[in-house]
Amino acid sequence: MNLLNPNRPTTGRAWPTKRASSHRSPILLFCLLFFSFFFVFSFYSLSPKSLLSSKTLTPSLSPQCAPAHGGEKFLWYAPHSGFSNQLSEFKNALLMAAILNRTLVVPPILDHHAVALGSCPKFRVLGPSEIRISVWDHVVELIRSGRYVSMADIIDISSLVSSSLVRAVDFRVFASLWCNLNIDSTCVDELDPRSSSLDSLKQCGSFLSGLDGSVSKCLYAVNEDCRTTVWTYQNGSEDGALDSFQPDEQLKRKKQISYVRRRQDVYKHLGPGSEADLATVLAFGSLFSGPYKGSESYIDIHESPRDQRIQNLIEKIEFLPFAPEIISAGKRYAHDTIQAPFLCAQLRLLDGQFKNHWKTTFLGLQQRIESLGQSPHPIHIFVMTDLPEANWTGSYLGNLAADSLRFKLFFLEESDQLVVQTAKRLVDANHGMRFRFHPKIRDGDSQVTKLCHPSRLPDVLLYVEETVCSCASLGFVGTTGSTIAESIELMRKFEIC
């Protein structure tokens, strides 16, 4: 074996045979060993700390592991999939943070499907630590490439924070505190691929993702996921009971799994008196949940009659509006550009399962248009679709566009001035950095130094389109099964326009 490089292949030649006698002096050997030790000791004593900073962060090297900032405790989690799923997880994260009295680490908006969970009903998902590190690495890439946009830049949670229902901190601020980085160093100009800051962020992510498990009084990595747990709150004797949805025997045999799903009270298991409550950081994996076969896939907390504070929060997070800049842009387009009552058609045609259901999707739109009856004036229709205009020819959408006497179609593109200006206003507003827990960059009572602006404008087209659709007075036609359609229906229910 090559002791210096165990991966180096050995040759057929044997090592040289040691001679029977040696003329080397023991004193000489001792002197060599002494000077070698002295050289190594001097190097580590005199070398700058930056040369030694590539080691993985551990509790002994991270003073942040001790309770700091007035005993502040944090909750971070791993969002994934498309924007609508990420928003659903964000609502659950706000709820969990409030129940456990922790400050929520607000994540950025991830690229569409950059991280995928898998399937809870099929018991085939990424484990919590795996999805945490995947999300962390993607977030670092968003920062490095100048595409970081906070969820709080797009979704308005100012009323929740100002009313003290929740406490929040931007991910960049949290990472700068926990990873021993100056917040300025998280800006894109500082994070080139060779940057020591980038390397430190990745190492810190490995630690905070719980790849090596939990660390007493510092990090508690939640390993329960939708395969084993349904989180509840104040459901009494139900705590620890079997959930109604379990893997069937055929799935157990086919996949060789032995999961048992139990309903667990999140406050009892992760709140005061628990091991988790002693940790400064509580790290969840995915917080996505959805109804399935009479139960919920992961979080079943829809009311809290015995805790009025949490009940108020549940009611408020049912609908979280877009930032004022987005709402204003959507309303302005409806009023100034369309200038008439209109119908909105949300047609998802290219992604996933939807690309095989064009006929059904177009049929729903056709029936709605026919129900409007004849009109002496063209029917105004705002079209929200992932199908490029150049590919409309030959489809029902192309037929509508060609019949200009009966229909007048409107649609937005990312390059449109309204969309570009909205993106610029969001960057200037910098909503994500306006939380109270911001120890370094507040200047006065209301002024916030605008650090770490993205080098690219955020993509806000989807959010403006959804707002326009919420203003459609002639009705809305959405794609069946699309979470975007569900979001628009919710906006219409709360009468954003």
Notebook entry, point to check: If you roll a 1.4 Å probe over the stretch 74-318 with all protein chains in place, what percent of the accessible area is carbon or sulfur?
Noted result: 46 percent
Check: Going highest first, how would you order 236-245, 400-409, 342-351 by mean Cβ packing within 10 Å?
Finding: 342-351, 400-409, 236-245
Check: Going down the list LYS217/LYS268; LYS359/LYS493; LYS355/LYS408; LYS424/LYS493, which pairs span over 22 Å between their C-alpha atoms?
Finding: LYS359/LYS493; LYS355/LYS408; LYS424/LYS493
Check: Of the trypsin sites (Lys or Arg not before Pro) in the stretch 106-171, which ones lie in a loop per DSSP and count no more than 15 other C-beta atoms within 10 Å?
Finding: LYS122
Item checked: Dipole of the stretch 74-318, positive end: most advanced residue of VAL115, TYR259, SER159 [Cβ charges, Cα centre] -> TYR259
Margin query: Just to confirm, what accessible area per residue do you get for the stretch 74-318 at 1.4 Å probe, in whole Å²?
Written below: 39 Å²
Item checked: Using distinct alpha-carbon pairs, which all enter the 1/r mean, Kirkwood radius of the stretch 74-318 in Å -> 18.6 Å
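The values are calculated or read from the model by the stated rules, or taken from the named source; none is laboratory data. The model shown is predicted, which means the values in this text are computed figures rather than measured ones. Here the Cβ is made from the backbone with ideal geometry for all residues, glycine too, and neighbour counts use every protein chain on show. With ligands, DNA and RNA removed, areas are computed over all heavy atoms of the protein, side chains included. Shrake-Rupley method; radii C 1.70, N 1.55, O 1.52, S 1.80 Å.
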